[in-house]
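The values are calculated or read from the model by the stated rules, or taken from the named source; none is laboratory data. This is a predicted model, so every value here is computed, not measured. Don't worry about glycine lacking a Cβ; one is built from the backbone with ideal geometry, like all the others, and counts go over all protein chains shown. Surface areas here come from the heavy atoms of the whole protein model, side chains and all, with no ligands, DNA or RNA. Shrake-Rupley method; radii C 1.70, N 1.55, O 1.52, S 1.80 Å.
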Amino acid sequence: MDFSFGAEDEELRGHARAWLSEHLVGPYAQAVGLGGPGSEHEGAEVRRAWERELGRGGWIGQGWEADGWGNRRLSLTGQVVWAEEYAALRAPGRVGHIGENLLAPTLIAHGSPEQQGRFLPGIASGEELWCQGYSEPDAGSDLAGIRTAAVRDPADGLYRVTGQKIWTSLAHDADWCFVLARTEPGSRRHRGLSFLLVRMDQPGRVEVRPIRQMSGTSEFNEVFFDGAVAAEVVGAEGDGWTVAMSLLALERGVSTLVQQIGFAAELERVLASYAARAASGAGDPALRERLVRQWAELRTMRWNALRTLGAADGPSGAGGSGGPRGAGGAGGPRDAVDVGAPSVAKLLWGGWHRRLGELAVEVRGAAATAGPALWAPGVPYEYGLDEEQRLFLFTRADTIYGGSDEIQRNIIAERVLGLPKEPR
């Protein structure tokens, strides 16, 4: 395995660094470092404007298997280079991830030319934001149990959507939501589902209720549909499960490496905190050993992600411009391994990030449990938390959201190892 980057990638690195430095000025400079996991409430308006700035620069949609929508296409390694430079300069947290990395590739694979022409330009320009309407109160990890229903009106051909979705990230800011709904009355499990595109601005028909978390923030929401109108179905009616599973497979990939870059920055802060304590004579060898292990595990996760991306990109490796090479071409069993690769990645980073949150407060010691700002009268709870406290609280959910650890282990056991299915 060769995990180095080629000359084209390094040329792109210089260009990306220069563009970011040139544009992270004025109000965008004030948004540097804002909007990370657990901090989606920070700088929402300026981050939305930053999304449009990225769109004008052509930096949205780099990995799409189509161009001509105002996006610049980059190889896999080029996308990694951009992500590394973006994280290094602590550019504002993205608000367009769901549209760019989930919906757009799904439309390219399953949507009609008309749908692509209608929605891809808005995503690529940063003008239209999306959220994902999958999970429900009684259908989270077991997605096939959804109850949200959509009835097609034969008079106008429009669908009327009724039901509830939950844990909907950024629904309070989104313009659109892609919704998995049951369009065949009486159908069960994965049959009779359709993938619908629903406009969020429908007063009286779409209601968003923020879910306040123990960290004080509320980037997750409940969404209630009461006869909401949907004119677009992606794929054929009844093929929603196929489209939805195709989309879920896109949640890993380059975005995993982007996520790990953020993890590395968080780990650096924890290491710096420990170094300060050690310098004052408060170091703990056992804690130091756990921090070293945390660093080594993050490096291993990066190599695993690069290897997986290289395999997915074909026998010659990632992107043909240098970079992670020689990972593909295994043939045969690789197909089964690919099915389980996203689940392996989720298990790795979910547990790793939760342990980092625990280490962050352990390094701080008793000081992590209290502080003047934490209980100050009149101070919103989320603004009273420091970075370590927020990291600890937010990461408690890492092994649950995006597919719980139990579900990921079931996928690996059943689809990769061929073990009997878990009794229902």
> Which residue, of E85, E127, E114, is part of a helix (DSSP H, G or I), touching a Lys or Arg at 6+ places or on another chain (Cβ under 8 Å) and either touching a residue at least 60 places away in the same chain (Cβ under 8 Å) or open to solvent by 40 Å² or more (accessible area, probe 1.4 Å) (or both)?
Replying inline: E85
>> Residue under question is A282, and the condition is that it be open to solvent by 50 Å² or more (accessible area, probe 1.4 Å) and either out of contact with any Asp or Glu (no Cβ under 8 Å at 6 or more places or on another chain) or in a helix (DSSP H, G or I) (or both); does it hold?
In response: no
>> Condition (residue is modelled with pLDDT of 85 or more, among the acidic types (D, E) and in contact with a strand residue (DSSP E or B) (Cβ under 6 Å, 6 or more places away or on another chain)) applied to the stretch 264-286: is it met by at least one residue?
In response: no
>> Can you say whether R90 is open to solvent by 40 Å² or more (accessible area, probe 1.4 Å), touching a Phe, Trp or Tyr at 6+ places or on another chain (Cβ under 9 Å), assigned to a loop (DSSP other than H, G, I, E, B) and not β-branched (V, I, T), as far as the supplied structure shows?
In response: no
> Within the stretch 263-281, which residues are in contact (Cβ under 8 Å) with a residue 40 or more places away in the chain and farther than 12 Å from W352 by Cβ?
Replying inline: A265, R269, V270, S273, Y274, R277
> Which of the following residues is under 30 Å from R269 (Cβ atoms), of a type in the set (A, V, I, L, M, F, W, C), modelled with pLDDT of 85 or more and in contact with a helix residue (DSSP H, G or I) (Cβ under 7 Å, 6 or more places away or on another chain): V361, V416?
Replying inline: V361
> Do the conditions hold for A181, that is, is it part of a strand (DSSP E or B), open to solvent by less than 30 Å² (accessible area, probe 1.4 Å) and within 30 Å of G93 (Cβ to Cβ)?
Replying inline: yes
>> Being more than 16 Å from L54 (Cα to Cα) and over 19 Å from the mean Cα position of the chain (by Cα) is the filter here; which residues of the stretch 14-42 pass it?
In response: G14, Q30
> If you check A155, A171, A149, which single one turns out to be open to solvent by less than 10 Å² (accessible area, probe 1.4 Å) and among the hydrophobic types (A, V, I, L, M, F, W, C)?
Replying inline: A171
> Looking at A345, A341, which is the one that is out of contact with any His (no Cβ under 6 Å at 6 or more places or on another chain), buried (at least 16 other Cβ atoms within 10 Å of the Cβ), at pLDDT below 80 and under 18 Å from M301 (Cα atoms)?
Replying inline: A341
> So which of R409, R390 is touching a residue at least 40 places away in the same chain (Cβ under 8 Å) and open to solvent by 40 Å² or more (accessible area, probe 1.4 Å)?
Replying inline: R409
>> On the basis of being at pLDDT 90 or above, surrounded by 15 or more Cβ atoms within 10 Å (Cβ to Cβ), of a type in the set (D, E, K, R) and out of contact with any helix residue (DSSP H, G or I) (no Cβ under 6 Å at 6 or more places or on another chain), does E207 make the cut?
In response: yes
> Restricting to the stretch 93-111, what's the tally of residues that are buried (at least 21 other Cβ atoms within 10 Å of the Cβ), more than 19 Å from the chain's Cα centre (by Cα) and in a helix (DSSP H, G or I)?
Replying inline: 0
> Of the residues in the stretch 224-244, how many are in contact with a helix residue (DSSP H, G or I) (Cβ under 6 Å, 6 or more places away or on another chain), at pLDDT below 90 and β-branched (V, I, T)?
Replying inline: 1
